[in-house]
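**Q** Can you keep this structure in mind? I'll have questions shortly.
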Amino acid sequence: MPPRRRDTGMSLPVNALTLDEIANRFGGTVVGDGATVVSQVGALENAQPGQISFIVQQRYRRMLDQCRASALIVAPGDSDVPYRPLIVHDNPYVLFARLAAHFNPPEAFAAGIHPAATVDPSATVAASAYVDAHASIGPGARVGERSVIGPGTRIERDVQIGEDCRLVANVTVYHDCVLGDRVIVHGGAVIGADGFGLAMDAGAWRRIPQIGRVLLGNDVEVGANTTIDRGALDDTVIEDGVKLDNQIQIGHNCRIGAHTAIAGCVGIAGSTHIGRYCRIGGSAMIGGHLRIVDNVEIGGATAVPKSILKAGTYSGLFPISRHQDWLKNAAHIRHLDALANRVRELESRLAEMERTST
Amino acid sequence: MPPRRRDTGMSLPVNALTLDEIANRFGGTVVGDGATVVSQVGALENAQPGQISFIVQQRYRRMLDQCRASALIVAPGDSDVPYRPLIVHDNPYVLFARLAAHFNPPEAFAAGIHPAATVDPSATVAASAYVDAHASIGPGARVGERSVIGPGTRIERDVQIGEDCRLVANVTVYHDCVLGDRVIVHGGAVIGADGFGLAMDAGAWRRIPQIGRVLLGNDVEVGANTTIDRGALDDTVIEDGVKLDNQIQIGHNCRIGAHTAIAGCVGIAGSTHIGRYCRIGGSAMIGGHLRIVDNVEIGGATAVPKSILKAGTYSGLFPISRHQDWLKNAAHIRHLDALANRVRELESRLAEMERTST
Amino acid sequence: MPPRRRDTGMSLPVNALTLDEIANRFGGTVVGDGATVVSQVGALENAQPGQISFIVQQRYRRMLDQCRASALIVAPGDSDVPYRPLIVHDNPYVLFARLAAHFNPPEAFAAGIHPAATVDPSATVAASAYVDAHASIGPGARVGERSVIGPGTRIERDVQIGEDCRLVANVTVYHDCVLGDRVIVHGGAVIGADGFGLAMDAGAWRRIPQIGRVLLGNDVEVGANTTIDRGALDDTVIEDGVKLDNQIQIGHNCRIGAHTAIAGCVGIAGSTHIGRYCRIGGSAMIGGHLRIVDNVEIGGATAVPKSILKAGTYSGLFPISRHQDWLKNAAHIRHLDALANRVRELESRLAEMERTST
């Protein structure tokens, strides 16, 4: 594989920090040389000098012998690790995340409209926004300050996009949808396509016009090739701070509560309302017209066919096994009801024997 | 969230109708003031004056107190609801769908080729068709009357697109594929990519050229980011009136029968033939080389590893439960065969005891 | 359906071969007239004169009565089939694949940059490469000899693309990613989007910049609308010869071993390493931070929540049944632990009775 072209700290980047500066700015306590300079984050096993890494679990301790990082972030309970310098912080992963953001700010874009972009005269693009090549913006659409409309992206009529958004590339946003501020939409995502609304009319499906919109709150992130359908009559709503991974499908009239995170390949059928601070595992499938309350965690590949009205962690996964074992065991599932009846009958016959034998 | 920009009936739209006009044109019987004018459909709980809503199930009756709709559509058995005016119709949802279509006609497009589109000189675009910005149309392709090729859409060589189609945006149609009339393809869909045909040849996969096509019948709808692979040797065929939701994958050489509806995230492996008027639930997974007859309904998240030769409803879903309960119960699935053997042994030992104790 | 426009052999294509030429060039033994000319491959049931077909399983023998192919490829054990001429070959499917490739070479493209493409002045596009309409190539990117960047494709800054690649259309490749030689990427695929890395910080998700890359080896094929996330700190790596079907999601920091084939709709969560020569069935879901060794086969729709350290075939699929049967049987799964306890209790009570009755 070709080497990485990115500079990994040989010259000192402008946003390098000493450990003392880190502790002052982001919290934590330095153990060892606070004048140590770091300018990038790195994984424990591959970090280079000039980088800072972190450990969050005991089992990573054994990797420290080979570690080349210039510093480590550890939790208070791990401050005895044989490594220096350290920053001791109550939540090493949060400090790591803050430093990662500091060392890797979002790409800067020039303002303006690329000559190969197409912007309808009735659209309003803020002066500090950027519309990249081969993007097209329809009549009446609005793009807020510092937002970036990436190459090949299609913004239909009357869409409203807030400030500091980034639609990376080849995104499609259907008419009348609304994006808040600081929304990120990754490549190939489709927002506001018609929901799947059909009525069987004289032997053929009649499609029902979908006249609701999609509303994305502030700080929402939408993964690559994720799709969010517009509402049938009312709107589909994704509240502030929701994070959606790739290849998720959200049906019409869903509502996803603030700060809920959904992993890749999840499907959510229409009109389901999910609460705040939920976490949905990858490839989970959630049925339509359900209600899921706040703080529910759903395991990967779990199907949810009914509402969940109590916070907690839920799973439903067929266990994997060697194919031959699966064949043998799975066959019994079709006869579980009969097996349960046989056990019940055994119980009653045995009770009868016990009764008569005394 | 910002208010909806769409006019909700304060001035009278050109396609407004009185209830008497509705009954005359679409069927049904008016109860109450037939001169009442409506100009949009609305959901029972959010309808505004000037809108017409509907109830299809008893449980919606309790919402009527707060309902602000100017009229309701009800089934004959519900004509006693305390609400006026009504339209009584044998199938309220169908009348609702017809009115929704009447009040919300498809967007009109100008005819012609956008200056930022690219059309090969050997392609044929009908005079009334529209090719939008940054679309590209390859050699020999044909686009029928009134069809709209949306922004960023790629039509490869020798593709045939019928009349009154709409490819919304960023769609890709590979060479030689054929779309019938009134076909709708949503954002990001890919039609005619190479099927997954491989032969292991001397330690590496050799790809097998996929020389079939995709044929889409009339009135087919293809959801956002759905993919339909071209045939390996023969064609992949989607018959008239099939409705496909978002993020569906259809493998090479599948045939989907007329008027079958498939919900989001379904995967169908190669060479499977599905009948007419089937309904496939979201995230179902259908194996390859199967045959599914007409009028089969498959539940959401159900895996179909073998043919279904009898109409009916089929399911196969691992039940969800609290994670701790799942851990406890799922472990037994790996030992179901042993458990069934133990029950059988108990039965024989108990029978032996019963025999000897008499 | 309209007839296929493609010529099916009425005039003799330039790459037509006699059976003798085939045997000389690709191996195998001719039985019958070695001067027979074929110029295309065909499926057994639909092959036309001038085409060559193949049989690999006994059950296809009964189709031979209707077969119109000019020749058949058969395995040594099938050389007694009542059909002439034949080519007898140790691996009929491999010979078929080689002939399919011979008769259907990849489409040829002109070299150069389409006037409607956008190429940054600091990008390097090889003289024999082709950049099609509405594609855009960012600063510092490199495109190797004979590679084709299809319409609407977005190549971000500093991407490296090897020789003889084809990115079909509307593909997005994020900054700094690296593609080897002979890589094929189908429509709508997204390579290098940010992985799903989040830290909960003061009540909101903080996104963690994803500073790794995606590295695709030589001869990798990526299906339509498949997504491969860039690494968080280190790289996501897809080794040589890996074949990915449509709508696959690969999370950050995964490594997929050489010559592994993955069918459609599979999701692989972050940091999982899969070995060489694995085969993953459609809609399988593989959890994060796992290790799967070489030569593992995973059945369709199977969830993999833990590492697989031994080669072999694995499954975990809830069996499908009539909906009413499923309702009856699935209910017992929630009580399997109780059922197992009841069986254990029966065993101990029965043993006690047997002990006392003797």
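**Q** Checking residue B:186 against (1) without any contact (Cβ under 8 Å) to a residue 60 or more places away in the chain; (2) closer than 25 Å to residue A:192 by Cβ, only one condition comes out false. Which one?
**A** Evaluating residue B:186 over (1) without any contact (Cβ under 8 Å) to a residue 60 or more places away in the chain; (2) closer than 25 Å to residue A:192 by Cβ leaves (1) as the failure.
**Q** Between residues in the range C:334-348 that are under 21 Å from residue A:316 (Cα atoms) and residues that are surrounded by fewer than 16 Cβ atoms within 10 Å (Cβ to Cβ) and of a type in the set (S, T, N, Q), which pairs lie under 9 Å by C-beta distance while being six or more apart or on different chains?
**A** Hits for this filter: zero, empty list.
**Q** Using beta carbons and a limit of 8 Å, which pairs, at least six apart or on different chains, have the first residue in the range C:282-296 and assigned by TED's automatic domain parsing to the domain that holds residue C:196 and the second one in a strand (DSSP E or B) and aromatic (Phe, Trp, Tyr)?
**A** C:296/C:314
**Q** Continuing with the same structure: When the range C:279-297 is examined, which residues are found to be hydrophobic (A, V, I, L, M, F, W, C) and farther than 18 Å from residue B:270 by Cβ?
**A** C:285, C:286, C:290, C:292, C:293, C:296
**Q** When the residues of the range A:19-42 are narrowed to those that are away from every other protein chain (no Cβ under 14 Å) and in a helix (DSSP H, G or I), which ends up nearest to residue A:71 (Cα to Cα)?
**A** Within the range A:19-42, the match that is nearest to residue A:71 (Cα to Cα) is A:19.
**Q** Mind counting the residues in the range C:244-284 that are surrounded by fewer than 24 Cβ atoms within 10 Å (Cβ to Cβ) and in a strand (DSSP E or B)?
**A** 4
Yes or no, residue by residue, for (1) closer than 13 Å to residue A:184 by Cβ; (2) more than 8 Å from every other protein chain (Cβ to nearest Cβ); (3) among the polar types (S, T, N, Q):
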| residue | (1), (2), (3) |
| --- | --- |
| A:198 | no, no, no |
| A:203 | no, no, no |
| A:206 | no, no, no |
| A:212 | no, yes, no |
| A:217 | yes, no, no |
| A:228 | no, yes, no |
| A:238 | yes, yes, no |
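**Q** Do you know which residues across the range C:229-246 are under 14 Å from the mean Cα position of the chain (by Cα) and not acidic (Asp, Glu)?
**A** Answer for the range C:229-246, where residues must be under 14 Å from the mean Cα position of the chain (by Cα) and not acidic (Asp, Glu): C:238, C:241, C:242, C:243, C:244, C:246.
**Q** Kindly provide the set of residues from the range B:170-183 that are assigned to a loop (DSSP other than H, G, I, E, B) and facing another protein chain (nearest Cβ under 7 Å), ordered by number.
**A** B:170, B:176
**Q** Can you find even one residue in the range C:92-103 that is outside the structural domain of residue C:132 (by TED's automatic domain parsing) and assigned to a loop (DSSP other than H, G, I, E, B)?
**A** No, the range C:92-103 contains no residue that is outside the structural domain of residue C:132 (by TED's automatic domain parsing) and assigned to a loop (DSSP other than H, G, I, E, B).
**Q** Within the range C:247-276, take every residue that is within 8 Å of another protein chain (Cβ to nearest Cβ) and within 15 Å of residue C:287 (Cα to Cα) and give me the one that is nearest to the chain's Cα centre (by Cα).
**A** It comes out as C:265.
**Q** So, residue C:79, is that one among the hydroxyl-bearing types (Ser, Thr, Tyr) and either surrounded by fewer than 22 Cβ atoms within 10 Å (Cβ to Cβ) or at positive phi (or both) or not?
**A** Yes; evaluated as a whole, the condition is true for this residue.
**Q** Still on this model: Within the range C:285-328, can you find the residues that are among the aliphatic types (A, V, I, L, M), over 14 Å from residue A:323 (Cα atoms) and buried (at least 17 other Cβ atoms within 10 Å of the Cβ)?
**A** Matches in the range C:285-328: C:285, C:286, C:290, C:292, C:293, C:320.
**Q** Next question. For the range A:131-174, which residues satisfy the criterion of being of a type in the set (Gly, Ala, Ser) and touching a Gly at 6+ places or on another chain (Cβ under 6 Å)?
**A** Selection gives A:144, A:152, A:162, A:169.
**Q** Would you be able to tell me the number of residues in the range C:285-316 that are part of a strand (DSSP E or B) and either among the β-branched types (Val, Ile, Thr) or out of contact with any Ser or Thr (no Cβ under 6 Å at 6 or more places or on another chain) (or both)?
**A** The total comes to 10.
**Q** So residue A:327 ticks every box in (1) farther than 30 Å from residue C:281 by Cα; (2) modelled with pLDDT of 90 or more; (3) more than 7 Å from chain C (Cβ to nearest Cβ) but one. Which box is left unticked?
**A** Exception for residue A:327: condition (1).
Quick grid of which residues meet (1) in contact with a Leu (Cβ under 8 Å, 6 or more places away or on another chain); (2) surrounded by fewer than 20 Cβ atoms within 10 Å (Cβ to Cβ):
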site: B:133; (1), (2): no, no
site: B:157; (1), (2): no, yes
site: B:173; (1), (2): yes, no
site: B:183; (1), (2): yes, no
site: B:203; (1), (2): no, yes
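**Q** With the checklist (1) facing another protein chain (nearest Cβ under 10 Å); (2) part of a helix (DSSP H, G or I) in hand, flag the one item residue A:319 doesn't pass.
**A** Checking residue A:319 against (1) facing another protein chain (nearest Cβ under 10 Å); (2) part of a helix (DSSP H, G or I), the one that fails is (2).
**Q** Kindly indicate whether residue B:167 is within 8 Å of another protein chain (Cβ to nearest Cβ) and not β-branched (Val, Ile, Thr).
**A** no
The values are calculated or read from the model by the stated rules, or taken from the named source; none is laboratory data. Not measured: the values here are computed from a predicted model. Reconstructed Cβ throughout: ideal geometry from the backbone, glycine too, with neighbour counts over all protein chains shown.
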